[in-house]
Amino acid sequence: MKRRKSLKDQPAHSPLQPASRDNARAEPATKHETASQKLRRQTADSQELALNLMKATGEAIEASATFWSGHKPGTRSAIELFAPRHAVHAMGSLARYYATHPKEAVKHQVDLLKQYGALGSRLLKRATGGTPESGPTDKRFRDASWDENFILDAIKQSYLIGTKWLLNLTEHAAGLDPITRQRAHFYLQQYADALAPTNFLLTNPEALRLTLESKGENLLKGIRHFREDLEAGNGSLRVRQTDMSAFTVGENLALTPGKIVYQNQLMQLIQYEPATKQVYARPLLIFPPWINKYYILDLTPEKSFIKYAVSMGYTVFVVSWVNPDQHLAQMTFEDYMHHGVLDGLDAVEQATGAKEVNAIGYCIGGTLLGASLAYLAAQKDKRIKSATFFAAQVDFTEAGDLKIFIDPEQIDELKEKMDEAGGVLEGATMAQTFNLLRSRDLIWNYVVNNYLLGREPPVFDLLYWNADATRMPEAMHLFYLKECYLQNNLAEGRMVLGGEKLDLSRIKIPVYLQSSRDDHIAPYRSVYKGLKLFGGKVKFIIAGSGHIAGVINPPAANKYQFWTNDQTPDNPEDWLATASEHKGSWWPDWERWLRAKSGKKVPARHPGDGALCVLEDAPGSYVTVKAD
C-alpha cells in the first residue's frame with residue numbers, strides 16, 4: 001500500500017496549503033499585503049477549511065457505516081469483554097467502602113479542595129504578574145502552549161490534580177482485597193486516560209494550531225485513518241501503532257542466518273548457523289512465548305539476543321510456534337509440552353548428537369519450561385542441564401495486571417468468545433488486552449497522533465512485532481488461565497501433565513531467573529517466588545525497564561542497569577534494597593553464568609550436518625502466518 005505523505009513531512013514553519021475548490025492555491029500572507037489581499041487570503045483559507053471539514057464529515061459518515069456493517073448480531077469485540085459490566089463490581093466495592101467510612105471520604109474531599117485552592121492561588125499569582133510555578137511533568141503536555149497559555153495551564157494542572165486524587169482513592173481504601181483494589185485502580189486509570197484534555201481537539205493546542213495551519217487537512221486525514229482502522233478491524237477499532245507496511249519478517253526482521261531442521265503441527269525448530277569456528281558442546285534450546293512471535297529475540301541485528309548468543313559460541317535452537325487455527329482448537333498445554341519441549345529435545349539430539357542441552361523459557365514459554373522440567377524430573381530425564389527464565393512466572397499469587405481480566409465469570413465469557421471464533425482466541429483480542437494495560441501509551445497516544453494530528457504512525461520494529469498477533473487454542477488457553485492464574489496449581493504441586501503430579505522442588509539443575517523492575521505482566525515480586533520453589537541453586541536478577549525492554553537490552557546499547565544479590569531474603573523488596581547495581585545490559589552476566597555450564601568447545605555445527613535435513617530457510621513459514 002502506498003504510504004500517504006504525513007503532515008510531519010511538511011516544512012516545520014510553513015502552513016500546509018491543500019488545493020482549494022477551484023484548485024488554486026490560497027495566497028500566502030506577505031509582510032506588505034493590502035487589506036483586499038488579506039481579505040482574499042482569509043476568504044480562501046476559510047473556504048478550504050470549510051471544504052476539508054465537509055469532506056471529513058463525509059468520511060465520518062462512511063466510518064459509521066463501516067462500524068455498523070462490521071458488527072453482526074451476537075458478536076462481541078475484545079473491548080466489550082472488559083467493560084463496562086466488569087468494572088461495576090470493583091467500582092461498587094470502592095463506593096461502598098467510602099460510603100461506610102464517611103470520615104475518610106470527607107478527608108479525601110477536603111484534601112482535593114485544598115489542592116484546588118492551592119492551584120487557584122498559583123493561578124492568581126500568575127495572573128497578577130507573578131512567575132508561574134512549574135507543575136508535575138507529563139509527556140502528554142510537552143507542547144509549550146500548555147505552560148505558556150494561562151487557560152491551558154489551568155486545564156492541565158486541574159486534570160493532573162484530579163487524576164492523582166482519583167487514583168489515590170484506591171490506594172487508601174484499606175478494606176478492599178488486593179484484586180478488587182487493582183481492578184478499581186485499572187478502571188479509574190482508563191477513565192482518567194480517556195478524559196485527558198490532549199485527547200480533544202478544542203483542548204489540544206497542537207491539534208488546534210495544525211488545524212488552522214493546514215486548513216483542516218489534518219482532520220480530514222485523521223478521519224480517513226480512523227475509517228481505515230475500522231475497516232482493518234471489520235468494524236472494531238484497531239488503532240495503528242506503526243506503519244505495518246514498513247516491515248517484513250525475513251527481509252528486515254528476524255535476519256540471523258539459520259534453517260528449519262524440524263517441524264510438527266505445533267512448531268518449527270530453527271537451528272542457527274554458527275558464527276565461530278568452535279562452539280560449546282551443549283546446545284542452547286529456546287522456548288519463546290506463543291502469545292507473540294519468537295522474533296522478539298531477533299528483531300534486528302543490533303537488538304538480537306539470538307545473534308548475541310550465536311556470536312558467543314553457542315549452537316542455538318529456537319522454537320517458532322504455529323499460529324493455530326480452528327483445526328488446532330483442542331491442543332492442550334500438555335500437547336505444548338510433548339510437541340514443543342520434548343520433541344524439541346529429541347530434534348536437537350538428532351541434529352547435533354548432543355544428549356544434554358541448556359534451555360531458556362520466555363514468559364509463558366518459561367512457565368511451560370518450568371512445568372516440563374518438573375515432568376522430566378519425575379521421569380528421571382536429565383537432558384536439560386540448566387534453565388534460564390526470562391520474565392517467567394511459576395507462582396501466580398502476585399501475577400501482574402492480567403489478573404484484572406481473570407476470574408471465573410470472565411473466563412466463561414472468554415470461552416464463549418473463543419467458541420464463536422471456532423475454538424481459538426483471536427489475536428486481536430489478546431492484542432487489545434495488552435494495549436488496555438497501557439492505554440495512555442498504546443491507545444490514546446496514537447489516537448492523538450493518527451486522528452487529531454492526521455499523521456502517520458511511526459516506523460518502529462518493536463510496535464510491528466507487538467501488532468503481529470497470534471491466535472491461541474481454546475483448550476490450552478483455558479487450562480493455562482485456570483491452572484495458573486486462578487488456582488496456582490503449578491506452584492502448589494497440584495498440576496498434572498502426562499500423568500505426573502508436578503513438583504518444582506524436584507528440579508535440581510542450576511537456574512538463572514531474570515526479572516524486570518517495571519514489568520507489569522510478570523512483576524519481579526512474582527518472578528522472585530520461583531527462587532524458593534526450585535530445588536537447585538538459583539541466581540536471581542532484576543533488570544531495568546519492563547517486560548520487553550528489560551529482556552531485550554543488548555550490551556552495545558549502554559542502557560538501563562541490573563541488580564544482583566547473593567542473599568535470598570523472603571521479601572523481594574529486601575533483596576532489591578541490599579542488591580548491587582550494575583550499569584548496562586545483563587546479557588554478559590548471564591553469558592558468564594551459562595559458559596560454565598556449557599561444556600568444552602567442539603567444531604562448529606551447521607544445520608543439516610546431523611540426522612535432520614534442512615526443510616527451509618529461517619525464519620520459516622510458521623512465523624509468517626498472520627492472525628487476520
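The values are calculated or read from the model by the stated rules, or taken from the named source; none is laboratory data. This is a predicted model, so every value here is computed, not measured. Cβ: placed from backbone, ideal geometry, glycine included. Neighbour counts: every protein chain shown.
Looking at Phe305, Phe287, just one residue is touching a strand residue (DSSP E or B) at 6+ places or on another chain (Cβ under 6 Å) and aromatic (Phe, Trp, Tyr), and that residue is Phe287.
Where helices (runs of 4 or more DSSP H) sit wholly within segment 299-356, those with at least 3 residues that are under 25 Å from Ala467 (Cα atoms), assigned by TED's automatic domain parsing to the domain that holds Val279 and out of contact with any Cys (no Cβ under 9 Å at 6 or more places or on another chain) occupy 305-311.
Restricting the first member to segment 315-337 and to residues that are farther than 15 Å from Ala475 by Cβ, and the second to residues that are outside any helix (DSSP H, G or I) and among the hydroxyl-bearing types (Ser, Thr, Tyr), the beta-carbon pairs closer than 6 Å and six or more apart or on different chains are Val316/Tyr272; Asn323/Thr470. Output yes when any residue across segment 277-284 is farther than 30 Å from Asp503 by Cα, among the aromatic types (Phe, Trp, Tyr) and assigned by TED's automatic domain parsing to the domain that holds Lys539, and no when none is. Yes, because at least one residue in segment 277-284 is farther than 30 Å from Asp503 by Cα, among the aromatic types (Phe, Trp, Tyr) and assigned by TED's automatic domain parsing to the domain that holds Lys539. Test Val538 against the criterion of being touching a residue at least 40 places away in the same chain (Cβ under 8 Å), farther than 28 Å from Phe186 by Cα and assigned by TED's automatic domain parsing to the domain that holds Ile286, and give yes or no. No: the conditions fail for Val538.
Gln189 passes every criterion in (1) free of Cβ contacts under 8 Å to residues at least 60 places away in the same chain; (2) in a helix (DSSP H, G or I) apart from (1). Put simply, of Gly129, Gly216 the only residue that is surrounded by fewer than 17 Cβ atoms within 10 Å (Cβ to Cβ) and of a type in the set (Gly, Ala, Ser) is Gly129.
Based on this model, can you work out whether Arg227 counts as at pLDDT 95 or above and surrounded by fewer than 20 Cβ atoms within 10 Å (Cβ to Cβ)?
Spelling it out, it is not the case that Arg227 is at pLDDT 95 or above and surrounded by fewer than 20 Cβ atoms within 10 Å (Cβ to Cβ).
I'm trying to understand the selection: among the residues of segment 462-474, which are in contact with a Leu (Cβ under 9 Å, 6 or more places away or on another chain) and assigned to a helix (DSSP H, G or I)? Listed by number, the residues that qualify are Leu462, Leu463, Tyr464, Trp465, Asn466, Glu474. Of all residues in segment 140-154, those satisfying the criterion of being farther than 10 Å from Thr198 by Cβ, in a helix (DSSP H, G or I) and free of Cβ contacts under 8 Å to residues at least 60 places away in the same chain are Asp147, Glu148, Phe150, Ile151, Leu152, Asp153, Ala154. Against the definition (in a loop (DSSP other than H, G, I, E, B) and in the same structural domain as Asn323 (by TED's automatic domain parsing)), how does Asp589 come out, yes or no? For Asp589, the condition - in a loop (DSSP other than H, G, I, E, B) and in the same structural domain as Asn323 (by TED's automatic domain parsing) - is not met.
Results for (1) at pLDDT 95 or above; (2) among the charged types (D, E, K, R); (3) surrounded by 19 or more Cβ atoms within 10 Å (Cβ to Cβ), shown as yes or no for each residue.
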residue	(1), (2), (3)
Ile270	yes, no, yes
Ala275	yes, no, no
Gln278	yes, no, no
Asp298	yes, yes, yes
Glu302	yes, yes, no
Ile306	yes, no, yes
Val310	yes, no, yes
Thr315	yes, no, yes
Tyr336	yes, no, yes
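In this structure, is Pro283 farther than 20 Å from Glu251 by Cα, under 17 Å from the mean Cα position of the chain (by Cα), surrounded by 22 or more Cβ atoms within 10 Å (Cβ to Cβ) and not charged (D, E, K, R)?
So Pro283 fails the test.
Across segment 160-168, not a single residue is classified as touching a residue at least 12 places away in the same chain (Cβ under 8 Å), part of a loop (DSSP other than H, G, I, E, B) and in contact with a Leu (Cβ under 6 Å, 6 or more places away or on another chain). What is the one condition in (1) modelled with pLDDT of 95 or more; (2) of a type outside the set (Asp, Glu); (3) under 30 Å from Ala207 (Cα atoms) that Val110 does not satisfy? Result: Val110 fails condition (3) only. Somewhere in segment 606-621, is a residue surrounded by 13 or more Cβ atoms within 10 Å (Cβ to Cβ), in contact (Cβ under 8 Å) with a residue 40 or more places away in the chain and in a helix (DSSP H, G or I)? No.
Look at segment 314-337 and say how many of its residues are under 21 Å from the mean Cα position of the chain (by Cα) and of a type in the set (Phe, Trp, Tyr). Of the residues in that region, 1 qualify. Can you confirm whether segment 575-583 contains a residue that is surrounded by fewer than 19 Cβ atoms within 10 Å (Cβ to Cβ), at negative phi, of a type in the set (S, T, N, Q) and in a loop (DSSP other than H, G, I, E, B)? Among the residues of segment 575-583, at least one is surrounded by fewer than 19 Cβ atoms within 10 Å (Cβ to Cβ), at negative phi, of a type in the set (S, T, N, Q) and in a loop (DSSP other than H, G, I, E, B), which makes the answer yes. Can you tell me how many residues within segment 83-122 are among the charged types (D, E, K, R), out of contact with any helix residue (DSSP H, G or I) (no Cβ under 8 Å at 6 or more places or on another chain) and within 30 Å of Phe405 (Cβ to Cβ)? Adding up the residues that qualify gives 2.
Among the residues of segment 187-202, the ones that are of a type in the set (Ser, Thr, Tyr), closer than 22 Å to Asp401 by Cβ and touching a helix residue (DSSP H, G or I) at 6+ places or on another chain (Cβ under 7 Å) come to 1 in all. If we scan segment 215-223, do we find a residue that is among the polar types (S, T, N, Q), outside the structural domain of Thr137 (by TED's automatic domain parsing) and assigned to a helix (DSSP H, G or I)? Scanning segment 215-223 turns up at least one residue that is among the polar types (S, T, N, Q), outside the structural domain of Thr137 (by TED's automatic domain parsing) and assigned to a helix (DSSP H, G or I). When Pro510 is tested against the conditions (1) under 23 Å from Val538 (Cα atoms); (2) free of Cβ contacts under 8 Å to residues at least 12 places away in the same chain; (3) not basic (Lys, Arg), the lone failure is (2).
Quick grid of which residues meet (1) farther than 28 Å from Phe434 by Cα; (2) surrounded by fewer than 18 Cβ atoms within 10 Å (Cβ to Cβ); (3) in contact with a Lys or Arg (Cβ under 6 Å, 6 or more places away or on another chain):
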site: Gly535; (1), (2), (3): yes, yes, yes
site: Ile548; (1), (2), (3): no, no, no
site: Pro555; (1), (2), (3): no, yes, no
site: Lys559; (1), (2), (3): no, yes, no
site: Trp563; (1), (2), (3): no, no, no
site: Ser585; (1), (2), (3): no, no, no
site: Val625; (1), (2), (3): no, yes, no
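Does Arg494 meet the test of being among the basic types (Lys, Arg) and either under 16 Å from Thr242 (Cβ atoms) or buried (at least 18 other Cβ atoms within 10 Å of the Cβ) (or both)? Considered against the rule, which asks whether it is among the basic types (Lys, Arg) and either under 16 Å from Thr242 (Cβ atoms) or buried (at least 18 other Cβ atoms within 10 Å of the Cβ) (or both), Arg494 comes out as no. Residues of segment 342-354 include at least one that is within 23 Å of Val424 (Cβ to Cβ) and either surrounded by fewer than 21 Cβ atoms within 10 Å (Cβ to Cβ) or without any contact (Cβ under 8 Å) to a residue 40 or more places away in the chain (or both).
Selection of helices (runs of 4 or more DSSP H) fully inside segment 363-455 by the criterion of at least 3 residues being among the charged types (D, E, K, R) returns 408-420.
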